[in-house]
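The values are calculated or read from the model by the stated rules, or taken from the named source; none is laboratory data. Quick caveat, the model's predicted, so the values are computed rather than measured. Using ideal geometry, Cβ is built from the backbone for each residue, glycine included, and neighbour counts are taken over all protein chains shown.
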Ligand SMILES: [Zn+2]
């Protein structure tokens, strides 16, 4: 039979596996605070760095980050990009800004959106503030914060980004 | 083994409790206490103080691609360290580390294995390790495959159901002295045989439980172990062999791969005081004891083995750790540790550990 010699170039074998996912003890504390409208980090007892979002360990020291730190709604732009292309499944209309932001009181950045701004004027060291959803919509989610918007505050010098205390440039520390 | 081969010393080991569910705890949070424990045993700060780190885990258990990378957060990898990973039980991470040290690329190594198996349906998740064209699409689970194997054993007259129950009874009894065990207690063979079949001829107790947890170990050259000044045992031999992925071409009532690995690791070169065997199903302990040539003089699975608690991706390493602990404590002078992977004991590793 000739069709027996047809090469089989693929078979369909879909895999469905179900998991009861858990975020972890440390991420759970972060998500719970987020649901209450608070942005929190965790401090490493070894090197004092404050991590957001906390994952349970200081990757630099390899030890648990137990101490909870409430962070400011104010943050500094560490880096950013202007997205001009539509991303499949993303409801946000280009062009929009994705930025690395360091909230005051933390030592590493996390990624969020920047809006209510003139895209061309966004720059590293710029001060921004979180715009939260209405309280009724808060959940265990990062998008409780809709986006960050620019603040009328002096820029943070590059060497100071990631080093501000929770009171910002004024109460500089840590 | 060449004459110049460097002897390997096992210096530290620790294992977590076997928990039916670790709850909200994530993998990093499971690993950290184990790594801390072995570091403290040796008096080291973190992974910066060893030459090489190797871990064993399986992303399928977690249901997330590259999930193993998060484990590195538990190490203190700043500045960068030399690190590797096997998508296997950490007994094979130990094997990789032994090679690294034997080749002279490292004098010391940290090894760890971890898994949270409880979030998924473990026997079904493991069906996806079968060949992808014929068996995986049938979703044949690990318990069913083990049951086929036990049926072959029974029909061939190589074991009885009472033999299987006796393995379970001894495991539960021994596990009473193991603070990390999940299942322990005095249960008679008669009461076990009175239980209903689960996947026949297996009863529930013939199958290891699903457990969450981690274990860690530190090994080094003998010179390094002496410099650390801690008690150690010698890893005299280690070898692993694998059989075909086609179950139908294997004699499932025996374990030729274990037999070969045992020969290469030198199991028969001396008396075996203690053996820790990775037998997830009761009948498999009997297959393994026979393949390893163990006799009356050997205490088999004094920890209770994995029937008392099975940390996927860590249980193999823990078998070596259990033997190490008994040798360092003076309970035994020479022991054999075994690790397995794949369905029906497809892939087997055998290690010989001796008093220094
Ligand atoms: Zn730290």
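Numerical summary
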quantity	calculated
Any hit, the range B:20-28, residues being part of a loop (DSSP other than H, G, I, E, B), under 19 Å from the mean Cα position of the chain (by Cα) and under 19 Å from residue B:181 (Cα atoms)	yes
Any hit, the range B:69-88, residues being under 18 Å from residue B:215 (Cβ atoms), in a helix (DSSP H, G or I), away from the ligand (no atom under 16 Å from the Cβ) and away from every other protein chain (no Cβ under 14 Å)	no
Some residue of the range B:219-230 being in a loop (DSSP other than H, G, I, E, B) and more than 22 Å from residue B:341 (Cβ to Cβ)	yes
Unmet requirement for residue A:135, which otherwise passes all of (1) away from chain B (no Cβ under 14 Å); (2) touching a strand residue (DSSP E or B) at 6+ places or on another chain (Cβ under 7 Å)	(2)
Number of positions in the range B:102-124 that are assigned to a helix (DSSP H, G or I) and touching a helix residue (DSSP H, G or I) at 6+ places or on another chain (Cβ under 9 Å)	3
Verdict on residue A:97 being touching a helix residue (DSSP H, G or I) at 6+ places or on another chain (Cβ under 7 Å) and away from the ligand (no atom under 16 Å from the Cβ)	yes
Residue match in the range B:89-107 (condition: away from every other protein chain (no Cβ under 14 Å) and at positive phi)	yes
Residue identified as in contact with a strand residue (DSSP E or B) (Cβ under 8 Å, 6 or more places away or on another chain), in a helix (DSSP H, G or I) and within 16 Å of the ligand (Cβ to nearest atom) among A:26, A:33	A:26
In the range B:199-238, the residues that are out of contact with any helix residue (DSSP H, G or I) (no Cβ under 7 Å at 6 or more places or on another chain) and on the phi > 0 side of the Ramachandran plot	B:229
Answer from B:9, B:37 - the residue that is touching a residue at least 12 places away in the same chain (Cβ under 8 Å) and more than 14 Å from every other protein chain (Cβ to nearest Cβ)	B:9
Which listed residue, of A:38, A:5, is more than 13 Å from the ligand (Cβ to nearest atom) and either surrounded by 14 or more Cβ atoms within 10 Å (Cβ to Cβ) or within 30 Å of residue A:126 (Cβ to Cβ) (or both)	A:38
In the range B:202-230, the residues that are free of Cβ contacts under 8 Å to residues at least 60 places away in the same chain and farther than 28 Å from residue B:53 by Cβ	B:203, B:204
Residue A:7 being more than 7 Å from chain B (Cβ to nearest Cβ) and more than 21 Å from residue B:70 (Cα to Cα)	yes
Qualifying residues in the range B:20-34 (those that are buried (at least 23 other Cβ atoms within 10 Å of the Cβ) and touching a residue at least 60 places away in the same chain (Cβ under 8 Å)) - the one farthest from the other protein chains (Cβ to nearest Cβ)	B:34
Some residue of the range B:53-62 being within 16 Å of the ligand (Cβ to nearest atom) and under 26 Å from residue A:27 (Cα atoms)	no
Residue A:91 being more than 10 Å from chain B (Cβ to nearest Cβ), touching a helix residue (DSSP H, G or I) at 6+ places or on another chain (Cβ under 9 Å), assigned to a loop (DSSP other than H, G, I, E, B) and modelled with pLDDT under 95	no
Every pair of residues 6+ apart whose Cβ atoms lie under 7 Å, when the first sits in the range A:34-50 and is within 14 Å of chain B (Cβ to nearest Cβ) while the second is away from the ligand (no atom under 13 Å from the Cβ)	A:42/A:26; A:42/A:68; A:42/A:69
Helices (runs of 4 or more DSSP H) (entirely within the range B:125-210) containing at least 3 residues that are crowded, with 19+ Cβ neighbours inside 10 Å and at pLDDT 95 or above	B:142-155, B:161-175
Of all residues making up the range A:51-64, the number that are in a loop (DSSP other than H, G, I, E, B), facing chain B (nearest Cβ under 10 Å) and more than 9 Å from the ligand (Cβ to nearest atom)	2
All positions within the range A:65-87 that are within 14 Å of chain B (Cβ to nearest Cβ), more than 10 Å from the ligand (Cβ to nearest atom) and in contact with a strand residue (DSSP E or B) (Cβ under 6 Å, 6 or more places away or on another chain)	none
Of the criteria (1) at pLDDT 95 or above; (2) surrounded by 18 or more Cβ atoms within 10 Å (Cβ to Cβ); (3) more than 21 Å from the chain's Cα centre (by Cα), which one residue B:82 fails	(2)
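Table: residues versus (1) under 22 Å from the mean Cα position of the chain (by Cα); (2) closer than 30 Å to residue B:23 by Cβ.
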residue: B:215; (1), (2): yes, yes
residue: B:221; (1), (2): no, no
residue: B:231; (1), (2): no, no
residue: B:236; (1), (2): yes, no
residue: B:242; (1), (2): yes, no
residue: B:248; (1), (2): no, no
residue: B:252; (1), (2): yes, no
